[in-house]
Amino acid sequence: MKNNNTKELIKEQAINIIKSNTPINMRLLADKCQMGLGTLYYYYKSKDEIIIDIVDDYWSSFISTTNQLQLDNDINIAFEQLYFHLLNTFLFFEKTFLRELRLSTNTTKLDKRQNEESYFNYLREIILKIIIERKTQINQEVFHNLTIEDLANFIFTCIIDLIIHSDNNYTKLAYIIKKVVN
């Protein structure tokens, strides 16, 4: 139990440092946690390891809150709700953690990409679930050329593209979704 409490304290203090726009380093973090540098290294071998742990917690929280979303029965509104939930999550993530991740080592970046892929797969599953549960709202001609998985991947790509390129204009995506599914 003490081990988990100490790790939580370390992550909490690391988040506080990151939010203050101060570059994080192990010595500063040990001072903020009121522990020796050796103790900090006992729990985490590097600041990158701490950042990855924080990011994993953050995206796990995203998954949990996404599971609790009460998505509308209308397919267009459901995608809009999911989009804004993801957008708000990403904007906070970008503002808070992205700088530290950019400064990470190549090994950490590889670990991050592998974790990111699992989060993206989860998001694809949510989109697929929205489509399956609301399939009767979709123009069936769509399925002459696309599988349900193709449609889910297309919508996923559109959502991610808008968010990554900081184009927060949902009306473009809403237009595309309406044209494709209705």
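Each value in this text was obtained by applying a stated rule to the coordinates, not by laboratory testing. This structure is a prediction, so every number in the text was calculated from the model and none was measured. No Cβ is skipped: glycine too gets one built from the backbone with ideal geometry, and neighbour counts run over all protein chains shown.
For region 8-51, compute the orientation-averaged projected area of the C-alpha convex hull (one quarter of its surface), in nm².
2.6 nm²
Hey, what do the phi angles of region 31-43 turn into as Karplus ³J(HN,Hα) couplings, whole Hz, using 6.51/-1.76/1.60 and θ = phi - 60°, x for Gly and Pro?
4, 5, 8, 6, 9, x, 4, x, 5, 4, 5, 5, 7
Which option, (1) 1.08; (2) 1.05; (3) 1.29, is the value of Rg/Rh (Cα atoms, Kirkwood Rh) that was calculated from these coordinates?
Step by step, Rg/Rh (Cα atoms, Kirkwood Rh) for this structure corresponds to label (1).
Given the DSSP H assignment, sum -39500 (n - 2.57) over each helix run of at least 4 residues in the chain and divide by its residue total; what's the result at 222 nm in deg cm²/dmol, nearest 500?
Per the formula, -25500 deg cm²/dmol.
State to the nearest 20 debye the size of the charge dipole of the chain about its Cα centre, where the only charges are +1 on K and R beta carbons and -1 on D and E beta carbons.
It works out to roughly 500 debye.
Given a Förster radius of 22 Å and the C-beta distance between ILE132 and GLN68 as r, what FRET efficiency does 1/(1 + (r/R0)^6) yield to the nearest 0.05?
The formula returns an efficiency of 0.70 here.
Treating cross-link reach as a plain straight distance, find the aspartates and glutamates whose alpha-carbon is under 20 Å from the alpha-carbon of LYS95, omitting any fewer than eight places away in the same chain.
Filter leaves GLU12, ASP48, GLU49, ASP53, ASP56, ASP57, GLU116, ASP161, ASP167.
Past the 23 angstrom mark, what percentage of all C-alpha to C-alpha distances in region 1-79 do you count?
Counting pairs separated by more than 23 Å, the tail of P(r) holds 34 percent.
Below 8 Å between Cα atoms, with a sequence gap of 6+, how large is the relative contact order for the chain in percent?
Worked out over the chain, it gives 21 percent.
Could you list which residues have their amide H under 5 Å from that of ARG134, counting only those 5 or more apart in sequence or on another chain, with H placed in the peptide plane?
Close amide H contacts, sequence-distant or interchain: none at all.
What per residue convex hull volume, in Å³, do the alpha-carbon atoms of region 129-174 yield?
Expressed per residue, the convex hull around the Cα atoms of region 129-174 is 82 Å³.
Starting from the amide H of ASP72, placed 1.01 Å from N in the peptide plane, find each other amide H under 5 Å away whose residue is 5 or more places distant or on another chain.
ALA78
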